[in-house]
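**Student:** One structure is given below, represented as C-alpha cells, and several questions about it will come after.
The values are calculated or read from the model by the stated rules, or taken from the named source; none is laboratory data. These figures come from a predicted structure and were not determined experimentally. Every residue, glycine as well, gets a Cβ built from its backbone with ideal geometry; the counts of neighbours run over all protein chains shown. With ligands, DNA and RNA removed, areas are computed over all heavy atoms of the protein, side chains included. Shrake-Rupley method; radii C 1.70, N 1.55, O 1.52, S 1.80 Å.
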Amino acid sequence: MTEEKKDIYFKIFRFNPEVDQHPFYDDFKISVEKGVTILRAINYIKDHVDSTLTYRFYCQAGICGSCSMRVNGVSKLACTTQVWDELPNCKETDVITIEPMNNFEIIRDMVVEYTPVISKLEKYISWVTPKIKQQDLGKKEHIISEAEFKVYDAATDCILCGACYSECSMMTSSREYISPLGLLKAYRMVKDSRDTRSNDRMKVLNEDHGMWDCTHCYRCVEACVKKIPIMDAIQGVRNEAFLRGMKNSEGYRHAYAFTQDIKSVGRLKESTIAVRTKGIFGAISMLPFALKMLGRNRMPKVFVHTIPGIKHVKRIFQKIK
Amino acid sequence: MQPYDIIIVGAGGGGMYAAMEALQTNPKLKIAVVSKVYPTRSHTSAAQGGVNAALANRHKDDTIDLHIFDTIKGSDYLADQDAATILCEMAPYVVRELENLGAPFSRLEDGTIAQRPFGGAQKYRCCYCADRTGHTILTTLFEQCLRQGVHFLSEYYLLSLEHDGQKAQGVVVMNMQTGKIEALPARSVILATGGYAKMYWQKSSNAAGSTGDGIAAALRAGLAVEDMEFVQFHPTGLRKSGLLISEGARGEGGYLVNNKGERFMKTYAPEKMELGPRDLVSRSIEIEINEGRGFDSDAGQYMHLDLRHLGADLILERLPQIRMLAIDFEGVDPIKEPIPIRPTAHYSMGGIDANNDGATAIQGIYAVGECSCISVHGANRLGGNSLLDILVFGKLAGRHAAQLAPSLNPGAISTSAVEKSLKEIEGYSHHDRTERYGELRDELGKTLGANAGIYRTKKKLEKGVEDIMAIKERFKNVRVNDSSAVFNTNLFQVLELKNMIALAETVARGALAREESRGSHSREDFPVRDDEKWHKHSIFHMNEKGDITLSTKPVTMGKYPLQARTY
Ligand SMILES: Cc1cc2nc3c(=O)[nH]c(=O)nc-3n(C[C@H](O)[C@H](O)[C@H](O)COP(=O)(O)OP(=O)(O)OC[C@H]3O[C@@H](n4cnc5c(N)ncnc54)[C@H](O)[C@@H]3O)c2cc1C
Ligand code: SF4
Ligand code: SF4
Ligand code: FES
C-alpha cells in the first residue's frame, strides 16, 4: 500500500524584527504524502530546507494550543490540519499560505505575543474563587449534578489556542475587547456553583470592551478548533445580565437596541444606535469620534437598506428567543 | 539582584501545584515560575485518562491500602514503599482539593466524582474529566495561579542549575524572545521539567519538549539521577505518529485484536485481559507482531484497537478526544473502524533522585513530577499514578521549600556560569560546524527504538551505547544555522538534543548493566526478575569529564514483601 504523493508549494509569511524592515513571503516546494499534517510539512521544511523558519508547537496532538496559525487565511491548529484537506482552500492550485494569527503583535514569523490573552483572563477574573475556606480545602467534594456539569462542560474544552481571538471581527476594531475566548471563560466561571465572585465578574463584563461589544459575526464559532459553541456562552453571560437586571449600562441598552434593529430591518442602524444607547448627550459626546470616522470615510451610512431575506432573519430571531 | 525565595522551573501540573502551595504556605515569598512554553502548553495537558485516588465513589470497598498495594505490585517492587504510601494516602486529598478549586471532574449519578477502571488497579479508582483530564487539571491550576498572582516567566529556557556544593544558588536561563542570558539567583529551586521519553522521537507519545532538560541540567550539576533505564512503552500509540490513544479506551471496554481476529490478551493476562499493566500489554503486542499476527503497513506492523462494540453514544460522550485523534491522525473513525495502534515510548520512570519532600542532596534544590524519581513508580508506573505523583509531590515540595527558603542564604551565581553558557551558544553557529540537528535527532530515536526499546539484549544494548557515543561525538560538531537572537527555535532544538543525548546514554548504560527483567525493562537474555542481585535502584552521576558513572541504592521496603507479579 503506497500513499498518494504530490508537490505542494508553501507560501510562508516571514518577519524577523532584527533584520527585516517589512514582512515578506518565502516559497517552498516540497513533496507531500497524503495523511501529512501542516505541522509535519513545515517541520520538514525546517529540518531540511530552512532552519530559521519560526513557529511554535509542542504536543503535536491538538491539545496544547501552541501551533495556531493562519492556513490559507483561516486560523487553525497546524498539527491537526491535513495538507490534503487544505488543497480545496488554496487560491492558487496547490499553494498553501501560512501566516501568523491576526490581532496579535508579531514576534517573529508565526510566533505572536500571547500575553494580552493572559491579561484578559486576569481582568475578567477567569478562575473559581471557592466558597470553601482555605483550611477546609480537600476534605470533601462538592456534589454537582450532571445537569449543572453539562452547562459548562463544553466551555472547559478551550485550549487557549487563540484561533477565535485571531478571527474575531471585534478584536480587529479594538484590541481592548474581551475576546471570544474571554467571554467563553467568563461564562464557564459564572455558571459554576463553586465560585463566589460572579458579581465582580459580571460588573467588569458589563463595562466597555466587555460582553456587550460582540457584533454577533459568528466568526469565532466557525474558527473554534474545539468546536465549542462560543455564541451560546456569549448569549449565556448576557442572559445572566438580563436576569440580574443589569439594565443600567450602555451595553444593555445597546444590546436591546441591537435586537430591535435586527427585528425591524435585519441590519444595524449604526448611526442611530449611538443615540439610543448613549442617550442624546452621550451621542453628542461621541461627535469628535464620528467626525474622525467621517474623515476616514468610515461613517456608517445614515440610510439603511433592508437586507434581502429579512423574513429569514426574523425567523432566526424567533428561534433564538 | 535580590534573590528569589523560590524559582520553579516548569509550569506543568507539578510546577504549578508547587507554586500554589508555596504561596499558600507563605504569601510573602518572592516566587517565579520559569517555563519554556506558556503554562497551559505544558505536557500535562496531554494526559487523557485520569488520576487515581481511592475515593471509593464507584467501588465502595476500595481503600488506600489497596491503592498502595497496586502501586507497589505495579512497580515490580522497585518503588520505595514509604513514598508510595504517601502518594496514595494524599490522593483523595489532592483530588478533592482540585475539585474544590474548580476542576471539572466528570460526575456519577449521585453527583460525586466519577471513577473508571485503569490498568493494574483492582478497583475503579481513576478520576477523570472525560478523556481530557490533564488538560482540565492544568487549566484549573493555571487559573488558580493567576488568582494568587503567581509570577510567570513564560518562554524562558533553563540553561543550567547552580549551587555551591551544599546549597542552591539559582538558575541560568535564556529569555527566548530576546535571546538574553540571565542569572536568576534563588534560595531554592524546584525542578518540574517533565520527562525524557521524547528521545525515542517518532516512537514516542510525548510533546516535542519532553526532552529531559531539567534532569540533564541536574546531572551536569553533579546531582544523582536514578533508574533511568525504566521507560514505559504504552501499548496503544497511533501507528503513524506514535500519538497516544489513552488506556481509557480499554478502560471503557475496548478490545485488542490481532490479524486472526483474536483478542490475544487472553494468552498473556487471562484475567485482566486488555486491562493488564502497560508493560505486559506492550510486550504482548511485540510478541504477536514478531510471531506474524500483526497487520502490515508502510508505517510498520500494527494491531487493532476495536471500540465499535461500545457504540457511538459511549464513544462520543466519554472518548470524544480519542475519536478526534484517530480521525485527524489516522483517518479512521473508531465508531466505524478499528484504530491501528502499536506501542510507543510514553513515560519515564527515572529522574532526579529526590526524597519524600522532593528534596535532593543539595539543600534548596528539589525535583518533582516526571523529572524526579522519588520513587513511587519503580520499574513500571500505573496509569493514573503520574498525574497523582505531580500533584502530591508538587504540593509537598512547594510547602517544604516555602518553609525552608527564608532561612537559606544563597551565594551569588558566578559570572563564569553565564559566560560558559554564552560561549557554548555562540560556538554552535560557527561556520566550520557541519553536523545537522535533524539527522542526529532521528538517528538517536532510531537506535533507541531498535536497541533500547521494549525487548532488550546485551548485544542490542552494546550497539545502542556505541551508537549513542558516536552521536555524542558528532554532536560536538552540530551547527545552529539560525543566528538570530529573537526566538531562535533552531538553537533550542539543539540544546534539547544535547540533553536527550546525555540522558540516552544513561538509559542505555543502565539497561545494559541491569541483568534481569523487571517492570518495563525486559531483557531477553535475562528474562526473570533477579531480586538477589537487582532489587535495588540504579544511580547515575556525571563526572567532570562528562562521563557517566553507575552505582546503586537500596529500595525502601515496608509492609509488602517481594512477590511474583502476575495478572
Ligand atoms: C499522551 C499522554 C497521556 C498521559 N495520560 C496520563 C493519564 O491519563 N494519567 C496520568 O496519571 N498520567 C498520564 N500521563 C503522564 C503525565 O501526564 C505526565 O507524567 C505529567 O503530566 C508530567 O507533569 P510534569 O508537571 O512533571 O511535567 P510537564 O507537564 O511535562 O511540564 C514540564 C514543564 O517544564 C517546562 N520545561 C521543560 N524544560 C524546560 C527548560 N529547559 N526550561 C524551562 N522550562 C522547561 C515546560 O515548559 C513545562 O512547563 C500521560 C502522558 C502522556 C504523554
Ligand atoms: S461573534 Fe462576537 S466574539 Fe465572536 S468573532 Fe464575532 S464579534 Fe468576536
Ligand atoms: S474558544 Fe476555541 S478557538 Fe478560542 S481559544 Fe478556546 S479552543 Fe481555541
Ligand atoms: S502542537 Fe499542540 S495543539 Fe498543535
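**Student:** Using a Förster distance of 22 angstrom, determine the FRET efficiency expected from the C-beta separation of A:D7 and A:N89, and round it to 0.05.
**Tutor:** In this case the efficiency is close to 0.80.
**Student:** If you average 1/r over every pair of different alpha-carbon atoms in the stretch B:251-291 and take one over that average, what Kirkwood value in Å do you get?
**Tutor:** 10.3 Å
**Student:** Which pairs in the list A:K46/B:K240; B:K180/B:K446; B:K73/B:K198 are over 23 Å apart, alpha-carbon to alpha-carbon?
**Tutor:** B:K180/B:K446; B:K73/B:K198
**Student:** Once all Cα-Cα distances of chain B are split into 20 Å bins that start at 0, what whole-number percent is in each one?
**Tutor:** Using 20 Å bins, I get a P(r) of 23, 58, 19, 0 for chain B.
**Student:** With a cap of 12 neighbouring Cβ atoms within 10 Å, and only residues DSSP puts in a loop, list the chymotrypsin sites (Phe, Trp or Tyr not before Pro) found in the stretch B:88-167.
**Tutor:** none
**Student:** Given B:K459/B:K533; A:K6/B:K336; B:K36/B:K498; B:K272/B:K533, which pairs have Cα atoms separated by over 24 Å?
**Tutor:** Correct reply: A:K6/B:K336; B:K272/B:K533.
**Student:** If you don't mind, another one. Can you find, among A:C59, B:A412, B:G292, the residue farthest towards the positive end of the dipole of the protein assembly as shown? Put +1 on the C-beta of Lys and Arg, -1 on that of Asp and Glu.
**Tutor:** A:C59
**Student:** Can you give the charge dipole size of the protein assembly as shown about its Cα centre, rounded to the nearest 20 debye, using +1 on the beta carbon of Lys and Arg and -1 on the beta carbon of Asp and Glu?
**Tutor:** 2860 debye
**Student:** Considering every residue in A:46-58, what mean count of other chain Cβ atoms within 10 Å of its Cβ is obtained?
**Tutor:** Partner-chain Cβ atoms within 10 Å, mean over residues of A:46-58: 6.
**Student:** Excluding residues on the same chain fewer than 8 positions from A:K34, give the aspartates and glutamates whose Cα lies under 16 Å from its Cα.
**Tutor:** A:E3, A:E4, A:D7, A:D85, A:E86, A:D94, B:D298, B:D328, B:E330
**Student:** Still on this structure: Given the stretch B:237-343, what whole percent of its Cα pairs are spread farther than 23 Å?
**Tutor:** Result: 20 percent of Cα pairs exceed 23 Å.
**Student:** Name the residue from B:G311, B:A470, B:P277 whose Cα lies farthest towards the positive end of the charge dipole of the protein assembly as shown, charges +1 on Cβ of Lys and Arg and -1 on Cβ of Asp and Glu.
**Tutor:** The listed residue farthest towards the positive side: B:G311.
**Student:** Also, quick follow-up: What is the interface area between chains A and B, defined as buried accessible area summed over both chains with a 1.4 Å probe, reported in Å² to the nearest 100?
**Tutor:** Buried area (both sides, nearest 100 Å²): 5600 Å².
**Student:** Compare the Cα positions of B:N100, B:V332, B:Y4 along the charge dipole of the protein assembly as shown (+1 at Cβ of Lys, Arg; -1 at Cβ of Asp, Glu; about the Cα centre) and return the one farthest towards the positive end.
**Tutor:** B:N100
**Student:** Also, I was wondering about something else. How fast does the stretch B:502-543 diffuse by Stokes-Einstein, in µm²/s, taking the Kirkwood radius from C-alpha pairs at 20 °C and 1.002 mPa s?
**Tutor:** Rounded to a whole number, D works out at 195 µm²/s.
**Student:** Size of the dipole of the stretch A:5-111 about the Cα centre, Lys and Arg at +1 and Asp and Glu at -1 on the beta carbon, nothing else charged, in debye to 20?
**Tutor:** With only Lys, Arg, Asp and Glu charged at Cβ, the dipole is about 300 debye.
**Student:** If you roll a 1.4 Å probe over chain B with all protein chains in place, what percent of the accessible area is carbon or sulfur?
**Tutor:** 50 percent
**Student:** Among B:314-320, B:2-8, A:88-94, how do they line up from the highest to the lowest mean number of other beta-carbon atoms within 10 Å?
**Tutor:** B:2-8, B:314-320, A:88-94
**Student:** Then there's this: Between the stretch B:99-149 and the stretch A:132-170, what's the alpha-carbon centroid distance in Å?
**Tutor:** Taking the Cα centre of the stretch A:132-170 as reference, the centre of the stretch B:99-149 is 11 Å away.
**Student:** Mind giving me the nanometre distance, one decimal, between the label points for B:Q2 and B:R263, set 7 Å out from Cα along Cα→Cβ?
**Tutor:** The answer from the label model is 6.3 nm.
**Student:** Continuing with this model, one more query. To the nearest 20 debye, what charge dipole does chain B have about its Cα centre, counting +1 at the Cβ of each Lys and Arg and -1 at the Cβ of each Asp and Glu?
**Tutor:** With only Lys, Arg, Asp and Glu charged at Cβ, the dipole is about 80 debye.
**Student:** Then there's this: Across the stretch A:201-215, in residue order, what do the Karplus-derived ³J(HN,Hα) couplings come to in whole Hz, using 6.51 cos²θ - 1.76 cosθ + 1.60 with θ = phi - 60° and x for Gly and Pro?
**Tutor:** Calculated HN-Hα couplings, in order: 5, 4, 4, 5, 4, 7, 7, 3, 6, x, 5, 8, 7, 4, 9 Hz.
**Student:** Now for a separate question. Using the Kyte-Doolittle scale, which helices in chain B average at least -1.0 and also have C-alpha atoms spread 30 Å or more along the helix axis, with helices defined as whole DSSP H runs?
**Tutor:** B:489-513
**Student:** Which cross-chain or sequence-distant (5 or more) residues have an amide H under 5 Å from the amide H of A:R56, H modelled 1.01 Å from N in plane?
**Tutor:** none
**Student:** Counting only helical runs of four or more DSSP H residues, what would the 222 nm mean residue ellipticity of chain B come to if each run contributes -39,500 (n - 2.57) and the total is spread over all its residues?
**Tutor:** -11500 deg cm²/dmol
**Student:** Just tell me how shielded A:127-134 is by partners: mean number of partner chain Cβ atoms within 10 Å of each residue's Cβ, no decimals.
**Tutor:** Other-chain Cβ atoms within 10 Å of each residue's Cβ, averaged: 5.
**Student:** When the convex hull of the C-alpha atoms of the protein assembly as shown is computed, what volume per residue in Å³ does it have?
**Tutor:** For the protein assembly as shown, the hull spanned by Cα atoms encloses 176 Å³ per residue.
**Student:** Relative contact order (percent) for chain B, with alpha-carbon contacts under 8 angstrom and 6 or more residues of separation?
**Tutor:** After rounding, I find 22 percent.
**Student:** In what sequence, highest mean first, do B:65-73, B:201-209 appear when ranked by Cβ atoms within 10 angstrom?
**Tutor:** So the peptides B:65-73, B:201-209, ranked by packing, come out B:201-209, B:65-73.
**Student:** Pop out the ³J(HN,Hα) list for the stretch A:133-139 in order, Karplus 6.51 cos²θ - 1.76 cosθ + 1.60 with θ = phi - 60°, rounded to Hz; leave Gly and Pro as x.
**Tutor:** 5, 2, 6, 9, 4, x, 7
**Student:** Enter the mean number of other protein chain beta carbons within 10 Å of the beta carbon of each residue in A:72-85, as an integer.
**Tutor:** Average neighbour count from other chains, rounded to a whole number: 1.
**Student:** Highest first, please rank the peptides B:259-267, A:197-205, B:216-224 by the mean number of other Cβ atoms sitting within 10 Å of their residues.
**Tutor:** B:216-224, A:197-205, B:259-267
**Student:** A follow-up question, please. Just give me a number: lysine pairs in the stretch A:115-243, eight or more positions apart or cross-chain, with C-alpha atoms less than 17 Å apart.
**Tutor:** Pairs that pass both the separation and distance tests number 15.
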